[in-house]
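Step one of this worksheet: look at the structure below.
Where a number appears in this text, it was derived from the coordinates with a stated rule and is not lab data. Bear in mind the structure is a predicted one, so any value in this text is a computation, not a measurement. No Cβ is skipped: glycine too gets one built from the backbone with ideal geometry, and neighbour counts run over all protein chains shown.
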């Protein structure tokens, strides 16, 4: 596996693959890799000649400085995991490499319309603009044929697809299923920040979403929403930031089950100072 840290190194590695007419899949990550990330890497490996994975904690998508400072960083272990998994390129840039002009001089700005204003967009002002900036820059450097993203970040995939559309980027965006722990908790790098009791209680997030699926058709949209919020909030260490039931394509909230073919429940829960997101298809 080739490890690239600079723009010149990643450009040279990609140019060599192109010289050999090899297809390239790409998995952008912020590191602290787990089996969810590795499932994306394996999916890319099965569909492309070569796979590149980036490890970069992107400061422009954090609206909370504490969250940025405490985000887990395990670069050496991550690189070892990628090598064991069979990735071809690990791109591990510094902030200076990704933002050579300096963070205070970043000027890109995206208007994602409605999909960037709801849920995570409303809760984390500027977050999706930062996502758009870094993913666009990574795409420019890596120039993949396909890019792989986990469905846990459901809204983020819609944002990236819209950025690709707006900027006319010729890359196929491949969404991949959520990978969960044996007890159902969605895999997340942030899970490592949970203490033992928080981790024990956090599983109630996914368990409640699973129960909600069985209520579709039996209860109204508003009743299911109330059930999820009240059930999760009844767990001592869990605090629902939002739970929305939306059209899976437009991200518009729906008043009734027949308003959309694909209906998704999206939730964010604060567990102490750890913020966990999850989602589930309620109807399709």
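Kindly indicate whether residue 133 is in contact with a helix residue (DSSP H, G or I) (Cβ under 6 Å, 6 or more places away or on another chain), within 13 Å of residue 110 (Cβ to Cβ) and crowded, with 17+ Cβ neighbours inside 10 Å. Spell out how you get there, then give the answer.
Working: in contact with a helix residue (DSSP H, G or I) (Cβ under 6 Å, 6 or more places away or on another chain): yes; within 13 Å of residue 110 (Cβ to Cβ): yes; crowded, with 17+ Cβ neighbours inside 10 Å: yes.
So residue 133 fits the description; yes.
Per the listing 232, 213, 164, the residue uniquely crowded, with 18+ Cβ neighbours inside 10 Å, over 30 Å from residue 24 (Cα atoms) and touching a strand residue (DSSP E or B) at 6+ places or on another chain (Cβ under 9 Å) is 232.
Name every residue in region 30-58 that is free of Cβ contacts under 8 Å to residues at least 40 places away in the same chain, crowded, with 20+ Cβ neighbours inside 10 Å and within 25 Å of residue 188 (Cβ to Cβ), in order of residue number. It would help to see each step written out before you state the result.
First, the residues of region 30-58 that are free of Cβ contacts under 8 Å to residues at least 40 places away in the same chain: 46, 49-51, 53, 55, 57.
Next, only the ones that are crowded, with 20+ Cβ neighbours inside 10 Å stay: 50-51, 53, 55.
If the condition is that a residue be free of Cβ contacts under 8 Å to residues at least 40 places away in the same chain, crowded, with 20+ Cβ neighbours inside 10 Å and within 25 Å of residue 188 (Cβ to Cβ), then 51, 53, 55 are the ones that fit.
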